[in-house]
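Heads up: the structure comes next, in structure tokens.
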Amino acid sequence: MAGKKLTVVISQSQSKNPAHRELEETLAAELMMSGDVEVSLVPHLYDMSHDHSGMLFLKGIPGDIVFASWLYPRAAFWTLDRAGIRGHEGITTLHDEEDEEELSAEQQEQASKGIGSVDAPPRKIYCLDLRSFGDAEPYLDEIRRLVSEASTQTVDLMSFIQGNPKQEQMERYLNPLPIVNNGNGQPTNNGSAQNPQQNGSSPNGASPAETNGASEKVTRRWYPVIDYSRCTNCMECIDFCLFGVYGVDTLDRILVEEQDNCKKGCPACSRVCPENAIIFPQHKSAQIAGAPGEVGNLKIDLSQLFGAPTAIELAAQERDTELVADGREAVGLSVGIPKRQTEENAERDELDDMLDDLDNLGL
Ligand code: SF4
Ligand code: SF4
């Protein structure tokens, strides 16, 4: 995006914790003063509906984005993707100590066996986790680095769009239509609605640190987010969920179709997914909330040593709780449990080897 400033979006915390607000405000103020970037504040990403003005603002950003939020970067990136705000994961050097072993985004992309995003334009989305550091300086350093990196790049998004066979579809990245609710709880594009780029809310014309819908009401939500860099489209989640949350798109790809049907606090299907591709960004377990690294499929599930339920059994119990709460019958392990899982349970595994080793020690 030669000649254009990088856009930094700060997605606000759900919490009213003064330390969170202070970090957000310090970051915004310092970036505004630098004059090197466009800065905007939006509400918490996960809670914004598709027609929220903060989301419309995000859809209108044409180039690279630095997205700072109180979410794991993987959760933020795929929540944006789900809302149609697409690009490629930008590599950041900002890692807290726990992330030291994390692969770079490029390495992850190369190693990925997932079906990937659809028609992601050639721009970068850099997601920063505001929980990694308590003060603004590490984020400011990283954003300065990204600004200098961006100034050496000449990504021409318009050329990409004009040369793309799906030009009409891709043009929404430069000229998005607002998404309105059609009354059935389903967001839809409405050509009669006013374009945000024509009403002065375009990021290109925005004043620094514009608060795009930051004061507009949002309510807390709960739904799964699919990481398509991991998802292999195996459809195990659609068979497992008995609440109609999942569906398929016109390309027969899995998608979260009725996200508000999901049961608040329940993460059951994330335990069933064989690729750890289902994220619940607000879950208290880092693994389920989208922490980096290969998680969930632990080689040895130590809980089995103590007779605790396996991940699949736990998922079935969680699903049963929600079925009963809805006045339906519990189904246990009789519905939607992949054959693979039961075969795995029957086969000798590393846990058996470990128990044999313990026996051999003669303790
Ligand atoms: S179970 Fe996981 S890998 Fe399979 S389709 Fe669902 S999200 Fe994708
Ligand atoms: S958590 Fe439960 S209700 Fe929500 S999508 Fe997964 S299986 Fe369905």
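The values are calculated or read from the model by the stated rules, or taken from the named source; none is laboratory data. All values reported here derive from a predicted model rather than from experimental measurement. Cβ placement follows ideal geometry from the backbone for every residue including glycine, while neighbour counts extend to all protein chains displayed.
Given (1) at pLDDT 95 or above; (2) surrounded by fewer than 24 Cβ atoms within 10 Å (Cβ to Cβ), identify the lone condition not met by residue 42.
For residue 42, the failing item is (2).
Can you name the number of the only condition in (1) part of a helix (DSSP H, G or I); (2) more than 13 Å from ligand 1 (Cβ to nearest atom); (3) modelled with pLDDT of 95 or more that residue 270 fails?
Of everything listed in (1) part of a helix (DSSP H, G or I); (2) more than 13 Å from ligand 1 (Cβ to nearest atom); (3) modelled with pLDDT of 95 or more, residue 270 misses just condition (2).
Anything in region 213-257 that is near ligand 2 (Cβ under 9 Å from one of its atoms) and crowded, with 16+ Cβ neighbours inside 10 Å? List them, or say none.
Of the residues in region 213-257, the ones near ligand 2 (Cβ under 9 Å from one of its atoms) are 222-224, 237, 240-246, 256.
Correct list: 222, 223, 224, 237, 240, 241, 242, 243, 245, 246, 256.
Please enumerate the residues belonging to region 275-284 that are at pLDDT 95 or above and either within 11 Å of ligand 1 (Cβ to nearest atom) or surrounded by fewer than 17 Cβ atoms within 10 Å (Cβ to Cβ) (or both).
277, 278, 279 - these are the residues of region 275-284 that are at pLDDT 95 or above and either within 11 Å of ligand 1 (Cβ to nearest atom) or surrounded by fewer than 17 Cβ atoms within 10 Å (Cβ to Cβ) (or both).
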